[in-house]
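The values are calculated or read from the model by the stated rules, or taken from the named source; none is laboratory data. Small disclaimer: the values here were computed from a predicted structure and weren't measured. FYI the Cβ positions are ideal-geometry reconstructions off the backbone, even for glycines, and counts take in every protein chain you see.
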Amino acid sequence: MLARDIVTENIPPLKSSDTGERAIDWMIEFKLSHLPLVENRQYLGLVSEEDILDFNDTTEKLGAYLKNLNKPYVLGSEHVFEVLRVAAGLQTPVIPVVDEQMQYQGMITLQSLLFHFARLTSISDTGAVIVLDLGNKSDIVVSDIVRLVESNNAHVLSLFVDHHIQEHHMLTIKVDTTDIRHIIATFERFEYVVKAYFEESDLGDIYKDRYDSFMKYLNI
């Protein structure tokens, strides 16, 4: 999944000829504190609500006031993981998307990013979650772990490693079955440390309701 595949279609960028009043109106309408400034398809930077409020006269055009704007962006050809990395370092609700010539391709909102990441990581799919504590080992072969899961007639839906928990590598695995007793037993037989596991039967309607509520929030 690439950045250009998840741009938001229904939010227009600002132009240099737009006034500060129009910028504020659009920020209110779209419930955003920032909007990209684009001229002849060239991305000029990200306009914030604070930028506009600093105007002496908000009826003035943006081009007359806004110079040397902050210019965060991702390339349309970059993977959604790079979009997440950039988003983690920003304090803005939108991420502009450009091509190699800095021509504007669209914007990605944080809501849209979370929605697509949820799909990418199979959050909504039926299954269970297993967390393995790999310690400080650096020789773990992920394909071996996947093979152990598949030996129990299950499949890995997604898999993530967290390197920042007390110098231990925590591997979180989402599998496509709710009965993981045999998978747990297999991991333990091969001397993997099962730190935690979460079966859908344990989470029940609470997990589903939280996911549904989250998706409804993203669609507001």
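Quick rundown of the values:
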| read-out | value |
| --- | --- |
| One residue from Leu159, Leu120, Leu132 being modelled with pLDDT under 80 and of a type in the set (A, V, I, L, M, F, W, C) | Leu120 |
| The lone exception for Arg85 - which of (1) surrounded by fewer than 17 Cβ atoms within 10 Å (Cβ to Cβ); (2) within 21 Å of the chain's Cα centre (by Cα); (3) over 28 Å from Asp125 (Cα atoms) it fails | (3) |
| Filter result for Glu78 (in contact with a Ser or Thr (Cβ under 8 Å, 6 or more places away or on another chain), modelled with pLDDT of 90 or more and at negative phi) | no |
| Count of segment 35-61 residues which are part of a strand (DSSP E or B) and either buried (at least 22 other Cβ atoms within 10 Å of the Cβ) or over 23 Å from the mean Cα position of the chain (by Cα) (or both) | 11 |
| Test: residue in segment 65-73 that is closer than 18 Å to Met27 by Cβ, at pLDDT 90 or above and either assigned to a loop (DSSP other than H, G, I, E, B) or outside the structural domain of Val161 (by TED's automatic domain parsing) (or both) | yes |
| Within segment 89-137, considering residues that are hydrophobic (A, V, I, L, M, F, W, C), in a loop (DSSP other than H, G, I, E, B) and not assigned by TED's automatic domain parsing to the domain that holds Lys31, the one surrounded by the most Cβ atoms within 10 Å (Cβ to Cβ) | Leu134 |
| So Val86, is it farther than 15 Å from Ser17 by Cα, outside any loop (DSSP other than H, G, I, E, B) and aliphatic (A, V, I, L, M) | yes |
| Subset of segment 1-34 (residues that are hydrophobic (A, V, I, L, M, F, W, C) and not in a helix (DSSP H, G or I)) | Met1, Leu2, Val7, Ile11, Leu14, Leu32 |
| Boolean, Ala196 is modelled with pLDDT of 90 or more, small (Gly, Ala, Ser) and in a helix (DSSP H, G or I) | no |
| Leading residue by the ranking (modelled with the lowest pLDDT) among those in segment 8-46 that are touching a Gly at 6+ places or on another chain (Cβ under 9 Å) and closer than 20 Å to Gln111 by Cβ | Glu9 |
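To keep it simple, each residue is scored yes or no on (1) over 28 Å from Asp18 (Cα atoms); (2) free of Cβ contacts under 8 Å to residues at least 24 places away in the same chain; (3) touching an Asp or Glu at 6+ places or on another chain (Cβ under 7 Å).
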| position | (1), (2), (3) |
| --- | --- |
| Glu49 | no, no, no |
| Ser77 | yes, no, no |
| Pro93 | no, no, no |
| Gln105 | no, no, yes |
| Leu114 | yes, no, no |
| Arg119 | yes, yes, no |
